[in-house]
Amino acid sequence: MEEVSEDVRRELSPGEQLHWWGRPRQGVVFRGSDILLIPFSLLWCGFAVFWEYSVLRMPKADMFFSLWGVPFVVIGLYFVVGRFIAEARERRRTHYAVTSERVLILSGLFRRRVTSLNLRTLSDISLSESRSGEGTITFGNQRPMGLFFGGMAGWPGAERYLGPRFDLVPNAKMVYDIVRKAQLGSSLGA
């Protein structure tokens with residue numbers, strides 16, 4: 001294992017032992033839901049740009065109609081390109097850790113967010129793994145809107161519906177086993 005990230009080291013309490021730390025896959029990631037989202041986003045953005053272009057070409061374009069399409073164009077551009085960039089940037093700033101006491105998720109697109117889950121009180125843990133071994137480990141109960149936002153992690157506010165998780169981690173089964181072992185060790189040490 002490579003040297004521990006300074007972000008992770010800063011969060012450790014005295015005497016807390018680090019069992020594992022890692023990061024999600026870096027760069028732009030296409031998910032299964034993009035099979036439907038990409039064509040829809042292209043249609044949305046295309047129509048918004050067409051609308052705005054048509055209104056601006058009118059000889060006596062009303063100011064209201066000229067401005068009406070701007071937010072839809074901005075949303076369309078974010079939908080087509082921006083969400084991939086925002087998600088990649090957030091994953092670049094994300095670190096995961098499993099310690100003798102807790103699961104740590106350090107992330108945040110604009111400001112630092114620390115999620116700390118006590119191993120003793122952590123109930124459900126689920127693993128979703130691809131053939132390559134990369135996967136997502138979800139902590140706690142799945143939230144109802146989580147299924148809707150599952151492939152849209154780059155959307156503002158989606159994080160609150162997805163819940164705490166280690167997303168796109170390599171060797172997900174190994175990390176899952178480390179969490180389960182640490183959870184068992186935590187309950188035995190109580």
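Among Lys173, Lys60, rank each residue by its count of other Cβ atoms within 10 Å, from fewest to most, as a rough exposure measure.
Listed from fewest to most nearby Cβ atoms, that is Lys60, Lys173.
Can you tell me the mean projection area, over all orientations, of the convex hull of the stretch 1-65's alpha carbons? Units nm², please.
Dividing the Cα hull surface by four gives the mean projection, 9.5 nm².
Would you mind computing the Rg to Rh ratio of the chain from its alpha-carbon coordinates, Kirkwood style for Rh?
Dividing the radius of gyration by the Kirkwood radius yields 1.11.
Hey, quick one: spin label on Met58, modelled 7 Å out along Cα-Cβ, who in the stretch 64-78 has an amide N within reach, i.e. under 14 Å?
Counting only backbone N, you get 64-70.
Would you calculate, for the chain, the mean residue ellipticity at 222 nm contributed by helices, counting each DSSP H stretch of 4 or more residues as -39,500 (n - 2.57) and dividing by all residues, to the nearest 500?
Working: 8 runs with 79 residues, N = 190.
One gets -12000 deg cm²/dmol as the mean residue ellipticity at 222 nm.
Relative to the present Cα-Cα distance, how much length would full extension add between Ser33 and Arg93 at 0.36 nm per residue of separation?
Contour length minus Cα-Cα distance gives 19.3 nm.
Hey, what angle do you get for helix 83-92 against the long axis of the chain, alpha-carbon based, 0 to 90 degrees rounded to 10?
Result, in degrees: 30.
Give me the extension gain from His19 to Ser126: residue separation times 0.36 nm, minus the current Cα-Cα distance, reported in nm with one decimal.
36.6 nm
Select from the stretch 1-86 those GluC sites (Glu not before Pro) which occupy a DSSP coil region and have at most 14 other Cβ atoms within 10 Å, ordered by residue number.
Glu2, Glu3, Glu16
Across 10 Å bins from the origin, how do the percents of Cα pairs in the stretch 34-88 run, short distances first?
Bin by bin from 0 Å, the calculated values are 26, 43, 23, 8, 0.
As an exercise, identify the chymotrypsin sites (Phe, Trp or Tyr not before Pro) in the stretch 20-128 lying in DSSP coil whose Cβ has no more than 13 other Cβ atoms within 10 Å.
Of the chymotrypsin sites (Phe, Trp or Tyr not before Pro), the ones in loops of the stretch 20-128 whose Cβ has at most 13 other Cβ atoms within 10 Å are Phe30, Phe110.
Does anyone have the angle between helix 172-188 and the longest principal axis of the chain? Alpha-carbon axes, 0 to 90°, nearest 10?
Value to nearest ten degrees: 50.
Any chance you could give the angle, 0 to 90 degrees and rounded to 10, that helix 34-57 forms with the longest Cα principal axis of the chain?
For helix 34-57, the angle is close to 30 degrees.
Only the coordinates and a few stated rules stand behind these numbers; no lab work does. Bear in mind that the values here come from a model prediction, so they are computed numbers and not experimental data. All Cβ positions, glycine included, derive from the backbone under ideal geometry; neighbour counts span all protein chains shown.
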